[in-house]
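Below is one structure; the comments refer to it alone.
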Amino acid sequence: MSAQSVRLSISGMSCAGCVSSVEKALSRVPGVATSAVNFAEHTANVTGDITPDALVKAIRSAGYDAAELTSSEADQIAEKEQLDLIHYKQSMRQSLAAALVGFPLLLVDFTSALPGLTTISERGIWFLIGLITLAVMMYSGRHYYIGAWKALTIHNANMDTLIALGTGAAWLFSMLVVVFTQWLPTSVQHVYFEAAAVILSLINLGSALESRARGNTSEAIKRLIGLQPKTARVMRDGQELDVPIADVGLQETLRVRPGEKIPVDGTLIDGASSVDESMLTGEPMPVAKNVGDSVVAGTINKTGSFLFISTRIGKDTALAQIIDMVRKAQASKPAIGRMVDKVAAVFVPTVLILAVITFLIWLNYGPSPSFSYALVATMTVLIIACPCALGLATPISIMAGVGKAAESGILIRNGDALQQAGKLTTIVLDKTGTVTEGRPAVTDIMSLLHISDDECLALAASVEVGSEHPLATAVIDTAKHRNLTLHAIEDFNSVSGQGVSAMVNGKAVLLGNIKLMQANNINVHALQGEADSRAAEAKSPVYLAVDARAAAIITIADPVRQDSAAAIARIKKAGLSVVLLTGDNKLTAKAVAQSVGIDAVIAEVLPNEKADQITRLQQQGEIVGMVGDGINDAPALATSDVGFAIGTGTDVAIESADITLMRGSLNSVVDAIQISRATVRNIKQNLFGAFIYNTLGIPLAAGVLYPIMGLLLNPMIAGAAMAMSSVTVVMNANRLRFLKTTHSTGSESL
């Protein structure tokens, strides 16, 4: 059996304690490698050598229900929205039913118009009220009682346990008072039917409002999924046919007309246009597309009509992978979230112990009627201590923060990266394709007398055909522009961080930096002065040697990105140090660094040495973020605390990075840092509110102020406070959706 990823929808979870129970159940399934339960979305992502049936069975044995999500992304969103709507309407109906019984009883109680408990007829009225209340409790609170029972059967306790005990104790005690009035002291002859009903009304109302507000955090995913059209226009047998997107195959020819969304990834073969890629990259300016250029599913064709060949379809398209990355990041937990889960796992049992202690203290030391006071205080402790807000505090902010980043063209791989990005102290930048455009061009050729410029260029281009280095393209393009003939090569060899070598028309050709020349004992003294002069102008000198003799220097310039200097200034303003790390020579690196305002330069480093330099900075106490776009940056990206891959770079770099910048601009680095800081700040606000709520609420509910001020918290107020705490957490997290970064508005909000 091969490793796979399974996504499950889970029902029955009511608090952070439930998350811990589900994760423990999943971890015990043989073959599970990783599991992440998202309380805010009520889903789980599980990977390993597993079967969905085994996972569902494990979750059900833990007292919850689950089903595999196998439909398309769009259908899953629609299904989840439908379920959320059903849950919202059901919770509102349950809240209203309980309110219709509880609040009239509460109002009449204030007027003292309710009957007493002295006569059989009066007790009969109360008995009928008790039965009506029980019916309402079964309708409005059935899910809580079932959840509490399931938790009990597996020796667990959760939010349902607290609600069931609190409201159940209120109703049971009240019925005992009604039925056995004559055997109970007058001091305890009081009923609490209205408390049970009102508490359930308020908790269900809070659940409904929370469900409605929680849906807003998925807006980014919904917008991404909405980018893909339902159909595509395919050229088959000389005809243009509109077919469902699922029927499009690889290497099919498709037509896209002005204003249409591009259905799948592909390459232009006929026509030209400009394409709006803003929803994927965050960049508002349309991008010109010509024959040979790639197009991405979900982007919008603005002007011309064109034909393209499909190269990636279904789950392999860039859009599908982006959606998958965003979803997994939203479901992941940063370190702060895992800490909260551990606290929540022991929170409910601790509350039960505190409730027992509260009851015993009031029963033994409280004023008369001590039993009534003990019951009220205990019930209030159970209700106010429900850790809903605690469980939502982290995942709801992560969902909002990752979604906001995705809308800005910043793809965050996991929660740890989101949390860590705001703590960075140093940003290390690769030069080519990161600070510069990554589209180098040959500017000068200085050949020695025994060989011509064109011959040098032809030899160099012939060797570079086998290379993937960015500078190789510049050499080849220039040779083609000059209509030079490229020769077949033999014995091609690429020396990492130095250059390439090959046999061309019987000549041994070396092309690379000074290290390659030194390693092969090539005397380049005659070219050294020219190389240093060009390097000082931010041009990269490439040495050419033919048959063990220095032949020429080809200088290549890679223009600096227009916004690099401004972005680097923003990084510094955010309080971070900036280091330029490159394999290029020192003179060129320093010239580029000076032009964009970077003070620290580390040059002439091999790919494996880049990772070593990152480690050295970390050993000095720096928290390092690495920004790069090439294959040679992958080790450094993986070694850094947070790796940023320029989205226009290679797949290897993107796979090695924690954060992908689709826009290809260094401004996105600062945007990511700002979003990280805002999200972590939001999480801390939520946790502070949740912890303060429970830390202060439980002592107040237990009656700590009663001996001093004569105040004892009403259970119904506790129910309202518990419900509203969750709603407040969700609403606070949704503020992240309106975060404005410095790049877009000139100031950071939140």
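The values are calculated or read from the model by the stated rules, or taken from the named source; none is laboratory data. None of these values were measured; they are calculated from a predicted model. Glycine gets a Cβ as well: all are built from the backbone with ideal geometry, and neighbour counts include every protein chain shown. Heavy atoms of the whole protein, side chains included, go into the accessibility calculation; ligands, DNA and RNA do not. Shrake-Rupley method; radii C 1.70, N 1.55, O 1.52, S 1.80 Å.
For the reader, a short list of remarks on this structure follows.
- Identification of strands (runs of 3 or more DSSP E) wholly contained in segment 235-316 with 3 or more residues that are in contact with a Leu (Cβ under 8 Å, 6 or more places away or on another chain) yields 253-256, 265-271, 306-312.
The rows are residues; the columns are (1) open to solvent by 10 Å² or more (accessible area, probe 1.4 Å); (2) among the β-branched types (Val, Ile, Thr).
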position: SER310; (1), (2): no, no
position: ILE313; (1), (2): yes, yes
position: LEU319; (1), (2): no, no
position: LYS328; (1), (2): yes, no
position: SER332; (1), (2): yes, no
position: ALA335; (1), (2): yes, no
position: VAL340; (1), (2): no, yes
position: PRO349; (1), (2): yes, no
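- Residues being crowded, with 19+ Cβ neighbours inside 10 Å and either basic (Lys, Arg) or at pLDDT 75 or above (or both) - total across segment 733-747: 4
- Filter result (over 25 Å from SER397 (Cα atoms), among the acidic types (Asp, Glu) and part of a loop (DSSP other than H, G, I, E, B)) within segment 18-71: ASP49
- Only one of the numbered conditions (1) over 23 Å from LEU661 (Cα atoms); (2) at pLDDT 85 or above; (3) surrounded by 13 or more Cβ atoms within 10 Å (Cβ to Cβ) is violated by PRO229, and that is (2).
- Only residues that are buried (at least 18 other Cβ atoms within 10 Å of the Cβ) and of a type in the set (Lys, Arg) were counted across segment 84-135, and they come to 1.
- In segment 517-528, the residues that are touching a residue at least 12 places away in the same chain (Cβ under 8 Å) reach residues that are part of a helix (DSSP H, G or I) and open to solvent by 70 Å² or more (accessible area, probe 1.4 Å) with C-beta atoms within less than 9 angstrom, at least six apart or across chains, in these pairs: VAL524/GLN518.
- Residue satisfying all of: in segment 671-694; β-branched (Val, Ile, Thr) and surrounded by fewer than 24 Cβ atoms within 10 Å (Cβ to Cβ); farthest from ALA569 (Cα to Cα) among these: ILE692
- Considered as a group, the residues in segment 464-498 that are of a type outside the set (D, E, K, R), assigned to a helix (DSSP H, G or I) and more than 23 Å from VAL524 (Cα to Cα) include one that is least open to solvent (accessible area, probe 1.4 Å), and that residue is ALA479.
- Residue within segment 318-333 that is more than 16 Å from LEU224 (Cα to Cα) and not polar (S, T, N, Q) present: yes
- Checking the stated criteria, GLY12 turns out not to satisfy the condition of being open to solvent by less than 50 Å² (accessible area, probe 1.4 Å), over 16 Å from ASN158 (Cα atoms) and not hydroxyl-bearing (Ser, Thr, Tyr).
- Condition met for ALA526 (aliphatic (A, V, I, L, M) and surrounded by fewer than 16 Cβ atoms within 10 Å (Cβ to Cβ)): yes
- Residues located in segment 175-202, provided they are at pLDDT 85 or above, open to solvent by less than 20 Å² (accessible area, probe 1.4 Å) and among the β-branched types (Val, Ile, Thr): VAL178, VAL198
- Comparison of THR650, THR639 shows that the only residue that is at pLDDT below 85, crowded, with 17+ Cβ neighbours inside 10 Å, of a type outside the set (Phe, Trp, Tyr) and within 26 Å of the chain's Cα centre (by Cα) is THR650.
- Scanning segment 376-405 for residues that are open to solvent by 10 Å² or more (accessible area, probe 1.4 Å) and either touching a strand residue (DSSP E or B) at 6+ places or on another chain (Cβ under 6 Å) or at pLDDT 85 or above (or both) yields THR378, PRO395, LYS404.
- Exactly one residue out of GLY438, GLY422 is modelled with pLDDT under 80 and not hydroxyl-bearing (Ser, Thr, Tyr): that is GLY438.
- Of the residues examined, ALA551 is not one that is under 29 Å from the mean Cα position of the chain (by Cα) and buried (at least 20 other Cβ atoms within 10 Å of the Cβ).
- Pairing each residue of segment 431-457 that is touching a residue at least 24 places away in the same chain (Cβ under 8 Å) and among the basic types (Lys, Arg) with any residue that is outside any strand (DSSP E or B) and surrounded by fewer than 16 Cβ atoms within 10 Å (Cβ to Cβ), provided the two are 6+ apart or on different chains, yields C-beta distances under 9 Å for ARG439/PRO559.
- In segment 437-463, the residues that are hydroxyl-bearing (Ser, Thr, Tyr), open to solvent by less than 40 Å² (accessible area, probe 1.4 Å) and not in a helix (DSSP H, G or I): SER447
- Matching option when the condition is modelled with pLDDT of 80 or more, over 25 Å from GLY102 (Cβ atoms) and surrounded by fewer than 24 Cβ atoms within 10 Å (Cβ to Cβ), among LEU711, LEU705, LEU750: LEU705
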